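Chemist: Take this structure first; my questions come after.
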Amino acid sequence: MAAAMAWLRRGAWSPARRCGLAAGRSYSGGGAYPSVSLTCPLPGVPKAVFAAAEGRERFETRVTVLENGLRVASQKKFGQFCTVGLLINSGSRHEAKYLSGISHFLEKLAFSSTARFGSKDEILLTLEKHGGICDCQASRDTIMYAVSADAKGLDTVVSLLADVALQPRLSDEEIEMTRTAIRFELEDLNMRPDPEPLLTEMIHAAAYRDNTVGLNRFCPVENTDKIDREVLHSYMRNYYTPDRMVLAGVGIEHEQLVECARRHLLGVEPVWGSGQTKDVDRSVAQYTGGIVKVEKDMSDVSLGPTPIPELTHIMIGLESCSFLEEDFIPFAVLNMMMGGGGSFSAGGPGKGMFTRLYLNVLNRHHWMYNATSYHHSYEDTGLLCIHASADPKQVREMVEIITREFILMAGAVGEVELERAKTQLKSMLMMNLESRPVIFEDVGRQVLATNTRKLPHELCALISQVKSADIKRVVTKMLHKKPAVAALGDLTDLPTYEHIQTALSSKDGRLPRMYRLFR
């Protein structure tokens, strides 16, 4: 005890000594200055307030339904800028009773002249005052008008969005320019080296023949001259209604967004009138399976000093499930586990080099140029497919390799590959949701479909719960469906649809043997 008291008296634990105030060092000019430790508060400086992790409720998506049925959803995010937009439950799947291609036209006509703005340039100049940019995207089930701008210009942005969606002029000149743009886009689509957009259209047409998501997303050439203002207004009268809309915002206060929505989207008379809606297509997707083939000379798709070789492209798909079902998460994990890509993809495990389509297909069969898994999911159905490409002479072997991979999905799933797929899926989810526009689209689409939103930590928890038995269960159910097949290029050696169906019903995924008298 006495020794301890003596140690204290020597100043070992005195506050002044601990903070370094007792030592008297001096400047080079001779003036003394105190030695101050960074662990002690500086004299005369206000107490620091440190950022702390706030409650989870701060990051929950808030949803308000206005009197006219319009849903307003917002998500807080730190930053000076915000992303705000209108998502409408409308798209190519709703065009069964109309001319195909209306959604494609509306996408191209977006942010053109309106009741308040004389031209697209006026809209862009208005947005520039708030550092803003705009975009419109039309998919099979949603049309999305979006603006990213300074949060201080929120009222201007919501006012502009209301005008663009509900008061477009659709002048004859704008419609004619849109026709020209669409014709050029369709021509470009058929000439592009990357056939993926075309194959996606073909696989949907094969899987859902002449219904809902199987309807063409792009305007057919023969319809470009038939679609005019009257046709567009007729469609918008039925589908551009408040109960089919969500005003979503990220990076703004919810009350402020609701107030702007009431001011600009409540009680507004659309340019096409407010008559009673009729002919609203509420059809549920009917999976049919089938094949769509396009014989095409691909030898001159990409000429030049390093031309792409002539390839035949095959896409085989099976019905999965909608994003509203519990099996959606196991299918997402399965898609990540299959992975794949091009034969020249570079990168480590994070780029999918340990996925099945790399290990079992691209690494073993050097002649294959591509093997990639895709999962398309909608409100009432889904489609898991594999796209592969190779030399036309090896089409039959390529198809058999893909059918075998489908059969192997129902086999044993290694613990390491499952954990890697789940970790990679969670990683991609969290990285994508760091982007404000991605959060905006996620909020808007989820609220449009379910009136609520699952937060990232909830989705990660669901991903973590996926077991190998879940993968086997969903694959076994999927393999009982008829396949959908899309084929593009030189199809001389393409197996028949019946043979592909037989392979997917077999135990090993092999195509029936063919015997020829003459070779």
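Chemist: Region 454-519 to region 126-196: how many Å between their Cα centroids?
Modeler: Each part reduced to its Cα centre gives a spacing of 37 Å.
Chemist: Output ³J(HN,Hα) for region 144-151: one whole-Hz value per residue in order, computed from phi by the Karplus curve 6.51 cos²θ - 1.76 cosθ + 1.60 with θ = phi - 60°, and x for Gly and Pro.
Modeler: 10, 9, 9, 9, 10, 7, 4, 4
Chemist: Also, I was wondering about something else. Given R₀ = 41 Å, what would the calculated FRET efficiency be for T452 paired with K129, taking r from the Cβ atoms and rounding to 0.05?
Modeler: That gives a FRET efficiency of 0.70.
Chemist: Ok, one more. Is the C-alpha gyration tensor of region 61-266 telling us rounded, prolate or oblate? Criteria: a/c under 1.5 is rounded; beyond that, a/b larger than b/c is prolate, otherwise oblate.
Modeler: Prolate, since a/c reaches 1.5 and a/b exceeds b/c.
Chemist: Amide H to amide H, which residues 5 or more places from I308 or on other chains are under 5 Å from it, using H placed in the peptide plane?
Modeler: S302
Chemist: Checking the table K97/K481; K482/K507; K278/K482; K77/K129; K426/K472; K481/K507 against a 26 Å threshold on Cα-Cα, which pairs fail?
Modeler: Beyond 26 Å between Cα atoms: K97/K481; K278/K482.
Chemist: Also, I was wondering about something else. Quickly work out the V438-to-N68 label distance, labels modelled 7 Å from Cα along the C-beta direction, and quote it in nm with one decimal.
Modeler: A separation of 3.4 nm, rounded to one decimal place.
Chemist: In addition: Output the peptides 389-398, 121-130, 278-287, 201-210 sorted from most to least packed, where packing is the average of other Cβ atoms within 10 Å over each peptide's residues.
Modeler: 201-210, 389-398, 121-130, 278-287
Chemist: Could you sort 504-512, 144-152 so that the peptide with the highest average Cβ count within 10 Å comes first and the rest follow in order?
Modeler: Result, highest mean Cβ count within 10 Å first: 144-152, 504-512.
Chemist: Kindly write out, for region 488-499 in residue order, the coupling ³J(HN,Hα) from the Karplus curve 6.51 cos²θ - 1.76 cosθ + 1.60 (θ = phi - 60°), rounded to whole Hz, with x marking Gly and Pro.
Modeler: Residue by residue, region 488-499 yields 9, x, 7, 10, 4, 9, 5, x, 5, 4, 4, 5 Hz.
Chemist: Given the Cα-Cα distance of E310 and K76 and 0.36 nm per residue of separation, how much length would full extension add, in nm?
Modeler: Stretched out fully, the E310 to K76 stretch lengthens by 79.3 nm.
Chemist: I've got another one for you. Would you please give the FRET efficiency between D493 and L38, computed as 1/(1 + (r/R0)^6) with r the Cβ-Cβ distance and R0 = 56 Å, to the nearest 0.05?
Modeler: 0.15
Chemist: Now for a different question. Give me the distance in nm between label points sitting 7 Å out from Cα along the Cα-to-Cβ direction at E230 and V294, one decimal.
Modeler: 3.2
Chemist: Turning to a different aspect of this structure: What spacing in nm lies between the two simple spin-label points modelled at Q256 and C460, each 7 Å away from Cα in the Cβ direction?
Modeler: Output for this residue pair reads 2.8 nm.
Chemist: List the lysines whose Cα lies under 25 Å from the Cα of K393, skipping any in the same chain that are fewer than 8 positions away.
Modeler: K293, K296
Chemist: While we're here: Can you give the helix-only mean residue ellipticity at 222 nm for the chain, where every DSSP H stretch with n ≥ 4 adds -39500 (n - 2.57) and the sum goes over all residues, rounded to the nearest 500 deg cm²/dmol?
Modeler: Value at 222 nm, helices only: -11000 deg cm²/dmol.
Chemist: Okay, moving on. How long is the gain from M430 to A469 if the chain were fully straight, where each residue apart is worth 0.36 nm and the alpha carbon distance is subtracted?
Modeler: 11.5 nm
Chemist: Picking from T452, M514, V466, whose Cα lies most toward the positive end of the charge dipole for region 445-519 (charges on Cβ: Lys, Arg +1; Asp, Glu -1)?
Modeler: Going by the charge dipole, the pick is V466.
Chemist: Take the solvent-accessible surface of the protein heavy atoms, probe 1.4 Å, and return the percent of it on the chain that carbon and sulfur atoms account for.
Modeler: 55
The values are calculated or read from the model by the stated rules, or taken from the named source; none is laboratory data. No experiment lies behind these values; they were computed from the predicted model shown. Cβ coordinates were reconstructed from backbone atoms using ideal geometry, including for glycine residues, and neighbour counts include every protein chain displayed. Ligands, DNA and RNA are excluded from the accessible area calculation, which covers all protein heavy atoms including side chains. Shrake-Rupley method; radii C 1.70, N 1.55, O 1.52, S 1.80 Å.
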